[in-house]
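One structure below.
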Amino acid sequence: MSWEGPGFVDHHAHVLAVSAGAALECGDASDLTGLRDHHRRVSERWSTPMDEPVRPLVVDDGLRGDLERGLARAAELGLVELTEAGVRDWAYLEALLALRARGPLPVRVRLLVASGIAEPGRMQRTGDPWLELEGVKFYADGWLGSRTCALRQPFADQDGDIGILFLDADTLARRADPFAEAGWTIATHAIGDRAIEAVLDGYERLFGSDCPQAAPRIEHAQVLAPDLVRRMADLGVVACVQPSFAVADARTARAGLGPERAEHAYRWDVLLDAGVRVLSGSDFPVAPLSPLAGLQCLLTGDHLDGRRAGAPTLARERAIALMSEERAGTVVLSDDPYQMAEDEVSGIEVVEARPRG
Ligand SMILES: [Zn+2]
């Protein structure tokens, strides 16, 4: 009595970094004061979180084993493909290539290389369905919870503070140019409306009328507004959103943005209605890696334990279509996610994930 359908795809996670025990761009995601101080320090030295150096990893059996276990865990959760959003050490690619030489990986892996280590000369397509370089990740602003995302008007609960913009439109366009020229996907972290606007300006400058074809991405795209949604649709910019963030952030978003702006935030339904191409990614470890947990948040707008959050929701067909892709493989589940009660979807068991090789 199992159900089979398109496999779940995670377009933005940090599975490899977590598996390797590496420091994350966010440090400890629950320490919001620490995160704000970190963002300020990084901004003061004209750097971005994707350009900060990290302690180099050693490629050995330990690292290869850690990565393989991390990917196997992702497959157990029903994923057939995941994108590591910001690879900050070439050791990951080296270790994955060695694993791949032994056979198929537990899930298909895509890599977005952090702007700090990306070099056009070093980046080569593999042409391998199991392991492919996707593009380069840039980082335009901070986070909402830490009050460091870049806003057009001050935070409702922070006197006059409009957050931190790490990259302006010109800098992004200039830095992304050699990668765009070589055909790599450009993906930029932008959460606040001022950052989203700057990234759209940068993409417009960089790609001009070729923008829809290049399909550059905005990661998170949380503090939306009607003018930004229209521009994303017109430019063909892709939004990569996090299914559980609207729920997890519901309280802090209302406090930080005030009721009017909060009304337009996390509106994946509005993006889809406008014709924007939307991808989904957990942003694990900031949120759970389980796609079924994310799916339940999208359906209910409430926390997994039933606590009310009142976040925007998506209709079931839309939500499942957003999170799964036939081209990447199939998943076998214990129950039909279209029939299960919305607040019980996260309890569905994964029987098997079958990535397409
Ligand atoms: Zn992330």
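A quick yes/no check of all residues on (1) within 16 Å of the ligand (Cβ to nearest atom); (2) at pLDDT 95 or above; (3) assigned to a helix (DSSP H, G or I); (4) not aliphatic (A, V, I, L, M):
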{"residue": "Met1", "(1), (2), (3), (4)": "no, no, no, no"}
{"residue": "Gly27", "(1), (2), (3), (4)": "yes, no, no, yes"}
{"residue": "Arg40", "(1), (2), (3), (4)": "no, yes, yes, yes"}
{"residue": "Val59", "(1), (2), (3), (4)": "no, yes, no, no"}
{"residue": "Gly65", "(1), (2), (3), (4)": "no, yes, yes, yes"}
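May I ask you to verify whether Asp168 is within 17 Å of the chain's Cα centre (by Cα) and either among the charged types (D, E, K, R) or crowded, with 18+ Cβ neighbours inside 10 Å (or both)?
In short, no.
I'm trying to understand the selection: among the residues of region 44-69, which are of a type in the set (Ser, Thr, Tyr) and either within 21 Å of Ala95 (Cα to Cα) or out of contact with any Phe, Trp or Tyr (no Cβ under 6 Å at 6 or more places or on another chain) (or both)? Don't jump to the end; show me each part of the working.
Going through region 44-69, the residues of a type in the set (Ser, Thr, Tyr) turn out to be 47-48.
Matches in region 44-69: Ser47 only.
Going through Arg88, Arg36 one at a time, which residue ends up being of a type in the set (Lys, Arg) and away from the ligand (no atom under 16 Å from the Cβ)? Step through it out loud before you land on a result.
Numbers: Arg88 fails: away from the ligand (no atom under 16 Å from the Cβ).
The match here is Arg36.
Looking for whichever is away from the ligand (no atom under 16 Å from the Cβ) and in a loop (DSSP other than H, G, I, E, B) here; the options are Gly275, Gly208, Gly256. Which one fits? Talk me through it step by step, then tell me what you get.
Working: Gly208 fails: in a loop (DSSP other than H, G, I, E, B); Gly256 fails: in a loop (DSSP other than H, G, I, E, B).
Within the list Gly275, Gly208, Gly256, the selection yields Gly275.
Restricting the search to region 200-213, which residues are under 16 Å from Ala169 (Cβ atoms) and of a type outside the set (Ser, Thr, Tyr)? Working first, answer last.
Applying the first criterion (under 16 Å from Ala169 (Cβ atoms)) to region 200-213 yields 200-208, 211.
Listed by number, the residues that qualify are Leu200, Asp201, Gly202, Glu204, Arg205, Leu206, Phe207, Gly208, Cys211.
For region 147-157, does any single residue satisfy the condition of being within 16 Å of the ligand (Cβ to nearest atom), crowded, with 22+ Cβ neighbours inside 10 Å and β-branched (Val, Ile, Thr)? Give the steps one after another, and end with the answer.
Here is the first cut: in region 147-157, the ones within 16 Å of the ligand (Cβ to nearest atom) are 148-149.
Applying the additional criterion that residues be crowded, with 22+ Cβ neighbours inside 10 Å yields 148-149.
Add one more test, that the residue is β-branched (Val, Ile, Thr), and what stays is 148.
Checked against the condition, which is being within 16 Å of the ligand (Cβ to nearest atom), crowded, with 22+ Cβ neighbours inside 10 Å and β-branched (Val, Ile, Thr), region 147-157 yields at least one hit.
For Thr83, all conditions in the list (1) in contact with a Gly (Cβ under 8 Å, 6 or more places away or on another chain); (2) of a type outside the set (A, V, I, L, M); (3) assigned to a helix (DSSP H, G or I) hold save one; what is the number of the exception?
Result: Thr83 passes all but (3).
Picking from Ala215, Ala187, which residue would you name as being within 20 Å of Leu322 (Cα to Cα), of a type outside the set (Lys, Arg) and surrounded by fewer than 23 Cβ atoms within 10 Å (Cβ to Cβ)? Reasoning before the result, please.
Working: Ala187 fails: surrounded by fewer than 23 Cβ atoms within 10 Å (Cβ to Cβ).
Result of the check over Ala215, Ala187: Ala215.
Only residues that are without any contact (Cβ under 8 Å) to a residue 24 or more places away in the chain and not acidic (Asp, Glu): list them for region 221-266, please. So that I can check it myself, show each step before the final result.
Within region 221-266, the first condition is being without any contact (Cβ under 8 Å) to a residue 24 or more places away in the chain, and the residues that meet it are 227, 234, 254, 259-260, 262-263.
The answer is Arg254, Pro259, Ala262.
Would you call Val331 open to solvent by 10 Å² or more (accessible area, probe 1.4 Å) and more than 16 Å from the ligand (Cβ to nearest atom)? Walk me through how you get there before you give the answer.
Numbers: open to solvent by 10 Å² or more (accessible area, probe 1.4 Å): no; more than 16 Å from the ligand (Cβ to nearest atom): yes.
No; evaluated as a whole, the condition is false for this residue.
Of all the residues that make up region 281-308, how many are assigned to a loop (DSSP other than H, G, I, E, B) and touching a residue at least 12 places away in the same chain (Cβ under 8 Å)? Don't jump to the end; show me each part of the working.
Within region 281-308, the first condition is being assigned to a loop (DSSP other than H, G, I, E, B), and the residues that meet it are 281-290, 301-308.
From what's left, touching a residue at least 12 places away in the same chain (Cβ under 8 Å): 281-290, 301-304, 306.
Residues flagged as assigned to a loop (DSSP other than H, G, I, E, B) and touching a residue at least 12 places away in the same chain (Cβ under 8 Å) within region 281-308 amount to 15.
Applying the selection to region 211-239, what residues are in a helix (DSSP H, G or I) and either within 16 Å of the ligand (Cβ to nearest atom) or of a type in the set (A, V, I, L, M) (or both)?
Residues of region 211-239 in a helix (DSSP H, G or I): 211-214, 226-235.
Selection gives Ala214, Leu228, Val229, Met232, Ala233, Leu235.
Hey, could you check region 70-112 for residues that are of a type in the set (Lys, Arg) and in contact with a Phe, Trp or Tyr (Cβ under 7 Å, 6 or more places away or on another chain) and say which is surrounded by the most Cβ atoms within 10 Å (Cβ to Cβ)?
Of all residues in region 70-112, those of a type in the set (Lys, Arg) come to 73, 88, 100, 102, 108, 110.
Narrowing the set further to residues that are in contact with a Phe, Trp or Tyr (Cβ under 7 Å, 6 or more places away or on another chain) leaves 100, 108.
On the way: Arg100: 15, Arg108: 26.
This residue is Arg108.
So for region 48-57 (the condition being more than 16 Å from the ligand (Cβ to nearest atom), over 24 Å from Ala287 (Cβ atoms), modelled with pLDDT of 95 or more and charged (D, E, K, R)), does at least one residue qualify?
no
Looking at Asp193, Asp234, Asp273, which is the one that is open to solvent by 50 Å² or more (accessible area, probe 1.4 Å), more than 30 Å from Val345 (Cα to Cα) and not polar (S, T, N, Q)?
Numbers: Asp193 fails: open to solvent by 50 Å² or more (accessible area, probe 1.4 Å); Asp273 fails: more than 30 Å from Val345 (Cα to Cα).
Asp234 is the lone residue from the list that is open to solvent by 50 Å² or more (accessible area, probe 1.4 Å), more than 30 Å from Val345 (Cα to Cα) and not polar (S, T, N, Q).
List every residue pair whose Cβ atoms lie under 8 Å apart, where the two residues are 6 or more positions apart in sequence or sit on different chains, the first residue falls within region 70-98 and is farther than 24 Å from Gly116 by Cα and acidic (Asp, Glu), and the second residue, located anywhere, is within 15 Å of the ligand (Cβ to nearest atom) and open to solvent by less than 10 Å² (accessible area, probe 1.4 Å).
Glu81/Asp10
Given (1) closer than 20 Å to Cys240 by Cβ; (2) at pLDDT below 95; (3) among the hydrophobic types (A, V, I, L, M, F, W, C), where does Ala23 come up short, assuming only one miss?
(1)
The values are calculated or read from the model by the stated rules, or taken from the named source; none is laboratory data. All figures in this text were calculated on a predicted structure; none of them were measured in a lab. Cβ sites come from the backbone with ideal geometry, for glycine too, and all protein chains shown count toward neighbours. In case anyone asks, the SASA skips ligands and DNA or RNA and just uses the protein heavy atoms, side chains included. Shrake-Rupley method; radii C 1.70, N 1.55, O 1.52, S 1.80 Å.
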